[in-house]
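Read-outs: derived from the displayed coordinates by stated rules, not from any lab. Here the structure is a predicted model, which is why all the values come from computation and not from measurement. All Cβ positions, even for glycine, are placed from backbone atoms using ideal geometry, and neighbour counts span all protein chains on display.
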Amino acid sequence: MSRITENKDKIFEGFRVHEKDTGSADVQIALLTDRINRLTEHLQKNKKDHSSRRGLLMMVGQRRRLLDYLHSTHADRYQAVTKNLSCASWFRGFGASSGSRGMLRNQQSLCRNAFLFRLSHFRLTRPGGGMAKRRV
């Protein structure tokens, strides 16, 4: 078996809802997170690979939609998935008690900063900082 197939099998075992589950939202989110992490490493080495960057942004959007769906339908499974995935807790501060809010905010800001750092390498900006100039 290849390295990717073995990695997928581990993800299936860790996130499946029932024994033969390969397509639930939990598994799809975990698979997308793995692909996003691998593609991020690739794009750090190949900065001019714009088609892969587009694919990365599409995968991030798909993962976001799946997380929104899971949050609205199965909050307990959403919490389990975000807890098991690294840096996934910054998507929402769902279920935080008042005592853990400070810790959760620190964790969210660290994850946001890591995410923004990754995107800063891939984002195309126009000259002038990406802002359109106003005509007076």
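Within the straight-line cut-off of under 25 Å between alpha carbons, the lysines reachable from Lys20 are Lys8, Lys10, Lys83, sequence neighbours fewer than 8 places apart in one chain being disregarded. Note on Thr5 and Ser52: the model spin-label points, each 7 Å out from Cα along the C-beta direction, lie 2.3 nm apart. Working from label points 7 Å from Cα in the Cα-to-Cβ sense, the Arg38 to Arg64 distance is 2.4 nm.
Extension gain for Arg16-Ala80 works out to 21.9 nm (0.36 nm per residue, less the C-alpha to C-alpha distance).
Order 30-39, 10-19, 66-75 from most to least packed using the mean count of other Cβ atoms within 10 Å. Walk me through the numbers on the way to the answer.
Details: 30-39: 17.5, 10-19: 12.9, 66-75: 15.5.
Sorting 30-39, 10-19, 66-75 by mean packing, highest first, produces 30-39, 66-75, 10-19.
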